[in-house]
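Report on one structure; see the data block that follows.
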Amino acid sequence: MLARRGRIVPGTRAGRAYFWFMLLGALTVYPVAHQPVSIVFATATLFVLLLGYGLAAPARTRRGWRYVQTASLSTSVFLLLVPTVSEILRRLPAGHPLVTDMKDPLLLGAQGVLALALLVGVPLQIRSLARQPAHGAAC
């Protein structure tokens, strides 16, 4: 969805699937997490996911809602990718992982690239939304 539409659109089939799979993934962290940071990531993911889908939003205003929604759901992607990249680098290839320490420059660099993508991507998404006519943008 990010490549095709430039953002996650909750009202689409893919958007609904994203919600349910992210919700399931975030909730399953609680019974299996071994690190306190996992609980923090799961809780933050749930918050931005629910906010992005309007379930944790105070009062949705039509004017700025698409911006909040887009930033929230993009943040949920970031919160999904940080532990995913970390686990991949720390476990693969099997028996000889690329990263053995949480302070490894490769891991820190990968996480930095993800943070940069979020910090650059969200403003670009917001700018793109601002250029779209309000009546033609589906939430």
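The values are calculated or read from the model by the stated rules, or taken from the named source; none is laboratory data. Predicted, not measured: the structure shown is a model, and the values here were computed from it. For neighbour counting, all protein chains shown are included, and Cβ atoms are generated from backbone atoms with ideal geometry for every residue, glycine included. Surface accessibility is based on the protein's heavy atoms, side chains included, excluding ligands, DNA and RNA. Shrake-Rupley method; radii C 1.70, N 1.55, O 1.52, S 1.80 Å.
Taken over segment 19-44, the residue count meeting the criterion of being assigned to a helix (DSSP H, G or I), touching a helix residue (DSSP H, G or I) at 6+ places or on another chain (Cβ under 9 Å) and more than 12 Å from L80 (Cα to Cα) is 7. Can you work out which of the residues in segment 19-41 that are without any contact (Cβ under 8 Å) to a residue 24 or more places away in the chain and of a type in the set (G, A, S) is surrounded by the most Cβ atoms within 10 Å (Cβ to Cβ)? So, considering only residues that are without any contact (Cβ under 8 Å) to a residue 24 or more places away in the chain and of a type in the set (G, A, S), the one surrounded by the most Cβ atoms within 10 Å (Cβ to Cβ) is A26.
Which residues, counting only those in segment 57-101, are within 11 Å of the chain's Cα centre (by Cα) and either modelled with pLDDT under 90 or of a type in the set (S, T, N, Q) (or both)? Correct list: T70, S72, S74, T75, S76.
Select from segment 45-56 the residues that are outside any helix (DSSP H, G or I) and either of a type in the set (G, A, S) or open to solvent by 90 Å² or more (accessible area, probe 1.4 Å) (or both) and list them in ascending order.
Keep residues of segment 45-56 that are outside any helix (DSSP H, G or I), which gives 53-56.
G54, L55, A56 - these are the residues of segment 45-56 that are outside any helix (DSSP H, G or I) and either of a type in the set (G, A, S) or open to solvent by 90 Å² or more (accessible area, probe 1.4 Å) (or both).
Look at R16 and say whether it is in a helix (DSSP H, G or I), in contact (Cβ under 8 Å) with a residue 12 or more places away in the chain, more than 15 Å from Q125 (Cα to Cα) and open to solvent by 80 Å² or more (accessible area, probe 1.4 Å).
Values: in a helix (DSSP H, G or I): yes; in contact (Cβ under 8 Å) with a residue 12 or more places away in the chain: no; more than 15 Å from Q125 (Cα to Cα): yes; open to solvent by 80 Å² or more (accessible area, probe 1.4 Å): yes.
No, not satisfied.
Taking first residues from segment 86-109 that are over 17 Å from Q35 (Cα atoms) and partners that are open to solvent by 100 Å² or more (accessible area, probe 1.4 Å) and not in a loop (DSSP other than H, G, I, E, B), the Cβ contacts under 6 Å between residues at least 6 apart in sequence or on separate chains come to P97/R91. When restricted to residues that are touching a Ser or Thr at 6+ places or on another chain (Cβ under 9 Å) and open to solvent by 70 Å² or more (accessible area, probe 1.4 Å), segment 69-110 contains 3. When the residues of segment 1-13 are filtered to those that are open to solvent by 90 Å² or more (accessible area, probe 1.4 Å) and within 16 Å of the chain's Cα centre (by Cα), the one that is modelled with the lowest pLDDT is A3.
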